[in-house]
Amino acid sequence: MISTKLGGDNAAIHDEKESVGSNRSGNTTFAEIAATRRDVMAGSLAAAVSGFLAPKAFAGYSEGTGIPEAKQVEGGLVNFEPVTIEQYTAQSEGGTVPVISSDYEFQVLIPWGTPIVPGVAEYTGDPNTRPTAAEQELMVGIGHDGMWFFPEAGATSDGMLCINHEFGTDSHLLGKDDPENLDDVRLSQAGHGVSVVRIAEDEQGSWDLVFDDRNRRITVNTPVAFDGPVAGSPFLVNPAGNPPLGTVNNCGSGFTPWGTYLTCEENFNGYFGIVDPNYQLTESQARYGFDADGFGYGWYNFDPRFDISNKDYVNESNRFGWIVEIDPQNPNQPPVKHTALGRFKHEAIAIQETPSGKVACYMGDDERFDYCYKFVSEFRWEDAIQAGISPLASGRLYVARFFVTGRGRWIELSRRNPTLREAFATDEELLVNARQAADLVGATPMDRPEWTSIGQNNTVYWTLTNNSNRTEKNAANREVPNNDGHIIRTREFGGDPESQDFSWDFYILASSTRESEGVFTDPDAAYVDPEGRLFIGTDGGQPDGLQDQLTVFDTTENLGPGQDPTPKRLFVGVNSDEITGWATTPDLRTAFTNMQHPGDGNPQNTNFPAMTDGVTIPRDCTIVLKKRDGGVVGS
C-alpha cells in the first residue's frame, strides 16, 4: 500500500511504478463484468447462470445480492461524535497534528527508533544523525503497517505486539537520497521488516514497550525457512549457495487461530535492480514488475543479493512475495514462508475456520488490474498443529472470477487444470508464478485488492483502493479514472468457505461519499470487529482538506434499497501520512492503528510525534485509541 502523495525522489518512484501495473493478460476487466451489476433484476439471476449453479444454492440469500443481512443491533453499533471537516481544519494546525473524535483520546506508542532491548539510546528525530545499522536492528523499525496483539494468558492489557515495517525511503531513514556504501544499505535493510515487542498498560492507563526476552527484530537479513511445495525446489536455490534470509515490504497482516502472526510481502520487486546494462528481464520478472532501478533504494549497487542480473543470485527474487508466519512467543523459531499460498504482491490475509475444521484464507494482490485469491488448507488446522506442521503448508489455492449476476467462482490454481498443466511443468513453477497462472485461467482484474476482513455470516470485506489507469466508466467505478476506490463483500454459497461458488456485491463506492460530511476515499486497511464494526484506514489524497483517516461503519446497519452505509470519522492523521494497520485488546476497549510516513519524512510538513518545530524528523508510530467513557472502541 503506497500512498498516492508520497514525497521525496524514491518515494515518488514508489507510487509511479506501482501505478503502472504489470498485468498484460487482457483478461475481462472488472469494469466490463460490473458494468450492469446494479441494473440486473433479481428474477433474472438464476437464468443468467443456469447450467453453472444449482438454483437451490441461492436459497437463504437476500434478494439481488446473495449477501445475507447482518443481524441488526438495536440502537446501532457506532454512536460516537465523528470528527467533522470543520473540526479538523480548526484543530489540525495546518495538518501538523492529528485530530480525534471528542469522545476519544489517543496516545503515541513505539515510534521508529524506540529501543526494544536495554542499553540502546532512542532515536528521537535529530535531523543531523541517524542510527547505525547495528543500533537499528535493536530498535522499532520504520513504515508501521499491519499488526496484531497477542495478549498474555489471562491478560487484557499486556501482551506481544507484532508490527510490520513496510518501507522507509532513503531520504527519511538515511538522511540522504541514495546509499553511498554497504553500511548505508544495511541501515536501510535494518529499518524494514517486522518488530515483535511486548507492550503493556500501566495503572495510569498509559501503554509502553516492555523489555522482554521475546522482543526481536526480523529484517531483510534474518534467517528464514520455507515450507510447502516450493520449499527445497530449484526455484529457491542460488549458485552462490547463500541461505534464505529476510522479509521485506511487509504491508498488511493477519493472525491465525493457533496464535501466530502472518506478515505479507507486497512490493518486494522495488528493492531489486540491475547492474548489468545488457541484462534482459524474463517474462516472469516483467510480470512481477522488476526493472533496472526498482524504487530507488540502490541496495543492488552494494548488496549482490538484490542485483537480478547477478548470475550467482539468479533465484533470490523468487524468495520474496510470500505470506510469512511468525511465532510471537518463540524468538528461536525462524519465520516461515508459506509457498502453498502463492507468490504475488500480498497485501493482507484474513482467515476463518470452515465447518470441517480447515482454514480458508483470503488475500489480495495489490496492483492495478490484479486479483483476489483464496487458499483452503488440506487438513483440519487442529490436526495439523498436533502433528507439528503448519496448516498453511499444504492446500488448494484459488483465484476469483466475478460475474455480472452478483455471483462468482473460485478457480483452482494447480496442474489439475489442463490449461495450467500445459503451461507449467510442476506445481512449484506454478506457485512461484501465481500471477501468470491466474492470467491463464481468466481471473477478474480488480482495482488494487488490498486488505480483507471477515465479518458476520462469514462475509468477507475487500478494500479496492483505487485505479488511476481505469478508462471505462461503469457501475462499479463511477469515476474515470477510479481515483476513489470502493469496498465489496463476498460470501461463499451456503456460508461454507470451502465452496468454490460465491456471491458478491458492493458495500460502498467511496465516490458516493464526496458530498457528505463523512467523505473518505482510497479505502485500504480493514478490520471487522466481533460485534460488526468495520474500521477502514485510508491511503490517498482525501477531499475537503482532510488527511488520511480512520473511519468506522456499522455492518449491522439496516439499509433500504439503494441506501449506502454511513461512515463516521474517528481519527484524522497529519500531512502526507497514511493511516493503516489495526489491532485490539480482547475486551475491544483499546485499539491500535498506525501513522505511516508522517510528512513523508519531511520536517517542513510535520514533526509528529514531536512538538512542531520545523526541524525534528517525523517518525512513524502506533496510535493507541480509547473511548473516554471506557467503552468499546468504535462505539
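The values are calculated or read from the model by the stated rules, or taken from the named source; none is laboratory data. Keep in mind that this is a model prediction, so the values were computed, not measured. All Cβ positions, even for glycine, are placed from backbone atoms using ideal geometry, and neighbour counts span all protein chains on display. The area values use the complete protein model at the heavy-atom level, side chains included, leaving out ligands, DNA and RNA. Shrake-Rupley method; radii C 1.70, N 1.55, O 1.52, S 1.80 Å.
Stretched out fully, how many nm does the piece from Gln329 to Leu245 gain, at 0.36 nm a residue minus the Cα gap?
So the chain would gain 28.2 nm between Gln329 and Leu245.
Could you please state how large a percent of the accessible area of the stretch 524-635 is carbon and sulfur, counting protein chains only and using a 1.4 Å probe?
With neighbouring chains kept in place, the figure for the stretch 524-635 is 48 percent.
If I compute solvent accessible area with a 1.4 Å probe over the protein chains, what percent of it on the stretch 76-121 is carbon and sulfur?
Within the stretch 76-121, the accessible surface is 53 percent carbon and sulfur.
Evaluate the charge dipole of the stretch 91-175 about its Cα centre and quote only its size in Debye, nearest 20, assuming +1 on the Cβ of each Lys and Arg and -1 on the Cβ of each Asp and Glu.
120
Placing +1 on the Cβ of each Lys and Arg and -1 on the Cβ of each Asp and Glu in the chain, which of Val120, Gly259, Pro234 has its Cα farthest towards the positive end of the resulting dipole?
Pro234
Hey, rough spin-label estimate for Gln352 and Lys71, points 7 angstrom out along Cα→Cβ, what's it come to in nanometres?
Roughly 1.4 nm, to one decimal.
Rounded if a/c is under 1.5, else prolate if a/b beats b/c, else oblate: with a ≥ b ≥ c from the C-alpha gyration tensor eigenvalues square-rooted, which is the stretch 267-399?
Prolate is the answer for the stretch 267-399, as a/c is 1.5 or above and a/b outweighs b/c.
Report relative contact order for the stretch 577-624 in percent, whole number only (criteria: Cα-Cα under 8 Å, sequence separation at least 6).
This gives 33 percent for the stretch 577-624.
Per DSSP H run of at least 4 residues, take -39500 (n - 2.57); add these up for the chain, divide by its residues and hand me the 222 nm value, nearest 500 deg cm²/dmol.
Dividing the helical sum by the residues of the chain leaves -3000 deg cm²/dmol.
Sort 216-224, 317-325 by the packing proxy (mean of other Cβ within 10 Å over each peptide's residues), most packed first.
Highest-to-lowest ranking by the protection proxy: 317-325, 216-224.
Step through the residues of the stretch 99-108 one at a time and calculate ³J(HN,Hα) from phi using the Karplus curve (6.51 cos²θ - 1.76 cosθ + 1.60, θ = phi - 60°), rounding each to whole Hz and writing x for Gly and Pro.
10, 10, 3, 5, 7, 10, 9, 9, 9, 8
For Glu93 and Val632, calculate 0.36 nm times their separation in residues minus their Cα-Cα distance, and state this gained length in nm to one decimal.
My answer for the length gained is 191.2 nm.
Counting only residues 5 or more places away or on other chains, whose amide H sits under 5 Å from the amide H of Lys345 once H atoms are built in the peptide plane?
The list, which skips near neighbours in sequence, is Asp366.
Select from the stretch 332-433 those trypsin sites (Lys or Arg not before Pro) which occupy a DSSP coil region and have at most 12 other Cβ atoms within 10 Å, ordered by residue number.
When the trypsin sites (Lys or Arg not before Pro) of the stretch 332-433 are filtered for loop state and at most 12 Cβ neighbours within 10 Å, Arg416 remain.
Which whole-Hz ³J(HN,Hα) couplings does the stretch 139-151 yield from phi under the Karplus relation 6.51 cos²θ - 1.76 cosθ + 1.60, θ = phi - 60°, glycine and proline marked x?
10, 4, x, 10, x, 3, 9, x, 6, 8, 10, 10, x
I'd like to compare 67-75, 144-152: which one has the highest average count of other Cβ atoms within 10 Å, and what's the full order after that?
144-152, 67-75
Quick one: order Ser206, Ser503 from most to least accessible surface, probe 1.4 Å.
Order by accessible area, largest first: Ser206, Ser503.
With a Förster radius of 51 Å, plug the Cβ-Cβ distance of Thr84 and Glu203 into 1/(1 + (r/R0)^6) and report the FRET value to the nearest 0.05.
E between Thr84 and Glu203, to the nearest 0.05, is 0.90.
Taking θ as phi - 60°, what are the ³J(HN,Hα) couplings along the stretch 541-553 by the Karplus curve (6.51, -1.76, 1.60), each to the nearest whole Hz, with x for Gly and Pro?
My calculation for the stretch 541-553 gives x, 7, x, 6, x, 7, 9, 4, 9, 10, 10, 10, 10 Hz in order.
Suppose a student asked you for the relative contact order of the stretch 134-221, using Cα pairs under 8 Å spaced at least 6 residues apart; what percent would you report?
Over the stretch 134-221, the number comes to 30 percent.
Give, in nm to one decimal, the length gained when the segment between Leu559 and Phe302 is fully stretched (0.36 nm per residue of separation minus the Cα-Cα distance).
86.8 nm
How much area per residue is accessible in the chain when the probe is 1.4 Å and only protein heavy atoms are counted (Å²)?
For the chain, the solvent-accessible area averages 34 Å² per residue.
What order do Asp103, Asp577 take when sorted by accessible area (1.4 Å probe), most exposed first?
The most accessible residue leads, giving Asp103, Asp577.
Sort 256-263, 120-127 by the packing proxy (mean of other Cβ within 10 Å over each peptide's residues), most packed first.
256-263, 120-127
On a 1.4 Å probe surface of the protein chains, which of Thr354, Thr419 comes out largest in accessible area, and what is the full order?
Largest accessible area first, the list is Thr419, Thr354.
Using 7 Å Cα-to-Cβ label points, what is the Asp178/Leu281 separation (nm, one decimal)?
According to this spin-label approximation, the distance is 2.0 nm.
What percent does the relative contact order of the chain come to when contacts are Cα pairs within less than 8 Å and at least six residues apart?
18
Report the accessible area of Glu135, computed with a 1.4 Å probe over the heavy atoms of all protein chains in place, in Å² rounded to the nearest 10.
Roll a 1.4 Å probe over it and Glu135 shows about 80 Å².
For Cα extents along the principal axes in Å, which listed value, (i) 82, 78, 50; (ii) 162, 76, 36; (iii) 68, 60, 50, comes from the coordinates shown?
Answer label, from the structure shown: (iii).
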